[in-house]
Structures are given as C-alpha cells and as structure tokens.
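Quick notes on the structure that follows.
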Amino acid sequence: MTRNKTNIVPFEMKYLNEYYDGFNSEITKYQWPDPFNNIDEARELLQEFLDEMERGETLLFSVLDSDERFVGSVEMHGLSEDCPELGVWIAEAEQGKGYAYEALSNLLDFAKEKYGKQNFFYEADVRNAGSILIL
C-alpha cells in the first residue's frame with residue numbers, strides 16, 4: 001500500500017535490527033512499550049504481534065520510504081473490536097517528513113477496505129506535539 005512517499009508492508013523480522021535501533025527512549029517517551037533492553041526482547045514482542053496478526057487480532061506494518069528503507073512502524077490492535085486502536089512511530093531522523101500521517105492513512109484505508117472498519121482509537125499524549133498534529 002503506497003501513498004506518495006510512504007509504503008507500508010506487513011512487518012517481517014528482516015527489519016528487526018532497524019526496529020530495535022530506532023525504538024529508543026525518545027521514541028517511547030509518550031507511548032508503550034518502553035525501549036527494549038536487548039534485541040531478544042524486541043524479537044519476542046514483535047513475534048507476539050506477528051502471532052496476533054496471524055490470528056487476525058492485530059495489524060503490524062513496516063513503514064518504508066520511497067527508497068524502501070525502514071523508517072518506522074504502524075499498527076492496529078484489537079482488530080476484532082468495534083473501535084481498534086492505532087499506533088505509529090517514526091525513527092527520529094525521519095520525523096517531520098509526513099511519514100506517520102501517510103502510514104496511518106494507508107493503514108486506515110486498508111482496514112476500511114479489508115475489514116470494513118470505520119471507527120478507530122488513536123491515543124496521543126498532549127505533550128507529544130507531532131502526534132497531536134497527526135490527529
């Protein structure tokens with residue numbers, strides 16, 4: 001699914017290192033989970049998400065730029081609920097380029113088309129100006 005400069009694709013472990021490296025204390029300041037203590041913790045949580053995705057409970061996508069570089073992830077939890085929860089994070093060096101907005105737009109289009117989802121929950125800490133702007 002592509003929109004302008006952003007492509008989202010189902011997450012694969014080939015992006016584990018980029019995910020782990022980018023998911024730092026600045027990224028997690030206003031969201032869950034905390035940064036991982038090691039790459040094995042990252043692998044374990046991501047595998048849980050992938051297992052949930054296989055069961056149709058979660059959507060986890062990598063956000064790729066126009067050069068197919070990993071720049072973050074976008075997800076939807078509680079897919080079986082009436083109002084699933086959205087999440088997105090973009091690597092610090094790539095923030096402010098519109099990737100989060102486009103990734104969320106792509107994910108919303110996908111969820112509407114494939115699952116008929118119309119309502120979503122997006123929690124944003126009021127101190128997180130970037131997330132507030134996305135809303």
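Calculated FRET efficiency, His77 and Lys5, Cβ-Cβ r, R0 22 Å, to nearest 0.05?
0.30
Report the semi-axes of the equivalent ellipsoid for the stretch 29-76 in whole Å, largest first, where each axis is √(5λ) for an eigenvalue λ of the Cα gyration tensor. It would help to have the intermediate numbers written out before the result.
Working: eigenvalues 66, 55, 25 Å².
The three semi-axes for the stretch 29-76 are 18, 17, 11 Å.
How big is the chain by the Kirkwood estimate over distinct Cα pairs, in Å?
15.0 Å
Any idea what the relative contact order of the chain is, in percent, if you count C-alpha pairs under 8 Å spaced at least 6 apart?
Relative contact order here is 26 percent.
As a test, work out the antiparallel percent of DSSP beta bridges whose residues both lie in the stretch 2-134, rounded to the nearest 5.
Antiparallel bridges: around 90 percent, rounded to the nearest 5.
Helix-only mean residue ellipticity at 222 nm, the chain, DSSP H runs n ≥ 4 weighted -39,500 (n - 2.57), per residue, nearest 500. What is it?
Values: 4 runs with 46 residues, N = 135.
Rounded to the nearest 500, it is -10500 deg cm²/dmol.
What distance in nm separates the two pseudo spin-label positions at Ser66 and Lys14, each 7 Å out from Cα along the beta-carbon direction?
So the two model labels end up 2.2 nm from each other.
Which aspartates and glutamates have a Cα less than 20 Å from the Cα of Lys114, not counting those fewer than 8 places away in the same chain?
Asp51, Glu52, Glu54, Glu57, Glu75, Glu81, Asp82, Glu85, Glu102
Neighbour counts of other C-beta atoms within 10 Å: give me Ile39, Ile134, Ile90 arranged from fewest to most.
Final ranking by Cβ density, sparse to dense: Ile39, Ile134, Ile90.
Values in this text are rule-based calculations from the coordinates and carry no lab data. Quick caveat, the model's predicted, so the values are computed rather than measured. All Cβ positions, even for glycine, are placed from backbone atoms using ideal geometry, and neighbour counts span all protein chains on display.
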